[in-house]
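The values are calculated or read from the model by the stated rules, or taken from the named source; none is laboratory data. As the structure is a prediction and not an experimental result, all values here were calculated from the model. Every residue, glycine as well, gets a Cβ built from its backbone with ideal geometry; the counts of neighbours run over all protein chains shown. Side chains included, ligands, DNA and RNA excluded: accessible areas come from the protein's heavy atoms. Shrake-Rupley method; radii C 1.70, N 1.55, O 1.52, S 1.80 Å.
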Amino acid sequence: MTLQDRVRVHEVTLLSDNWFVLKTTRLDWLRNDGQWQPMHRETYDRGNGATLLPYNLAQRTVLLVRQFRYPVFVNGHDDLLIEAAAGLLDNAAPEERIRAEVEEELGYRLGAVTKVFESFMSPGSVTERLHFFVAPYEPSMRIGAGGGLAEEGEDIEVLELPIDEALAMVADGRILDAKTVMLLYHAKLHVFPPG
């Protein structure tokens, strides 16, 4: 039996198509005990995205961004959010899109980038699949100031941090963004030699 055999969708209603797409769905789920269970779920479709952590092995540094995020503000976080550069795919290949995002947000044109994994970030309600990348950077790769695109509402500060400081910021709560935490721990385990 496939997953398709275990789901019966009865009604899908569009709730909003303002910023992204919010739908509510009435469905039945075939439980492991053989009973059909009625469910009502909302899904928020914002498209798929990509994120990347640039690292410099010689300096033992990473590049991150700091910016305003309204959803975390209304959830009680009274500070700018520190994150890895990221963006929606907008019908582009993940590697192509993340290169453009890094140029816009960080001001660096990278060489080789490496995809490390994919993840659903909030699968209980958000459809987004995020593609995770890492890439080495050198000061010579800087082509601009970064900062994002003002016409897209971006007002981004570029941060260059020692990897150990960035990890300490995760431990003490200054870095709270899930994609960034995942990339920093990946870098600790697989990129930076112990030091």
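Please verify whether region 36-48 includes one or more residues that are free of Cβ contacts under 8 Å to residues at least 12 places away in the same chain and either open to solvent by 50 Å² or more (accessible area, probe 1.4 Å) or on the phi < 0 side of the Ramachandran plot (or both). The answer is yes, given that some residue of region 36-48 is free of Cβ contacts under 8 Å to residues at least 12 places away in the same chain and either open to solvent by 50 Å² or more (accessible area, probe 1.4 Å) or on the phi < 0 side of the Ramachandran plot (or both). Considering the conditions (1) out of contact with any strand residue (DSSP E or B) (no Cβ under 9 Å at 6 or more places or on another chain); (2) assigned to a loop (DSSP other than H, G, I, E, B); (3) open to solvent by less than 90 Å² (accessible area, probe 1.4 Å), ILE175 is excluded by exactly one of them, (1).
Within region 152-169, being touching a Ser or Thr at 6+ places or on another chain (Cβ under 8 Å) and assigned to a helix (DSSP H, G or I) holds for one residue alone: ILE163. For ASP17, which of the numbered conditions (1) touching a strand residue (DSSP E or B) at 6+ places or on another chain (Cβ under 7 Å); (2) exposed (fewer than 15 other Cβ atoms within 10 Å of the Cβ); (3) over 25 Å from ASP177 (Cα atoms) fails to hold? Evaluating ASP17 over (1) touching a strand residue (DSSP E or B) at 6+ places or on another chain (Cβ under 7 Å); (2) exposed (fewer than 15 other Cβ atoms within 10 Å of the Cβ); (3) over 25 Å from ASP177 (Cα atoms) leaves (1) as the failure. In the set (1) at pLDDT 95 or above; (2) surrounded by 14 or more Cβ atoms within 10 Å (Cβ to Cβ); (3) touching a strand residue (DSSP E or B) at 6+ places or on another chain (Cβ under 8 Å), the condition left unmet by GLU154 is number (1).
Each row is one residue, and each column tells you yes or no for (1) open to solvent by 40 Å² or more (accessible area, probe 1.4 Å); (2) over 27 Å from PHE20 (Cβ atoms); (3) of a type in the set (Ser, Thr, Tyr).
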| residue | (1), (2), (3) |
| --- | --- |
| GLU105 | no, no, no |
| ARG109 | yes, yes, no |
| GLU118 | yes, no, no |
| THR127 | yes, no, yes |
| PRO136 | yes, yes, no |
| MET141 | yes, yes, no |
| GLY146 | no, no, no |
| LEU149 | yes, no, no |
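Considering only region 87-107, how many residues are within 11 Å of ASN48 (Cα to Cα), small (Gly, Ala, Ser) and touching a residue at least 24 places away in the same chain (Cβ under 8 Å)? Residues meeting the conditions: 1. Scanning region 34-67 for residues that are part of a loop (DSSP other than H, G, I, E, B) and either under 25 Å from SER125 (Cβ atoms) or touching a His at 6+ places or on another chain (Cβ under 8 Å) (or both) yields a count of 4. Considering only residues of region 64-94 that are among the aliphatic types (A, V, I, L, M) and farther than 18 Å from LEU183 by Cα, which is most open to solvent (accessible area, probe 1.4 Å)? It comes out as VAL74.
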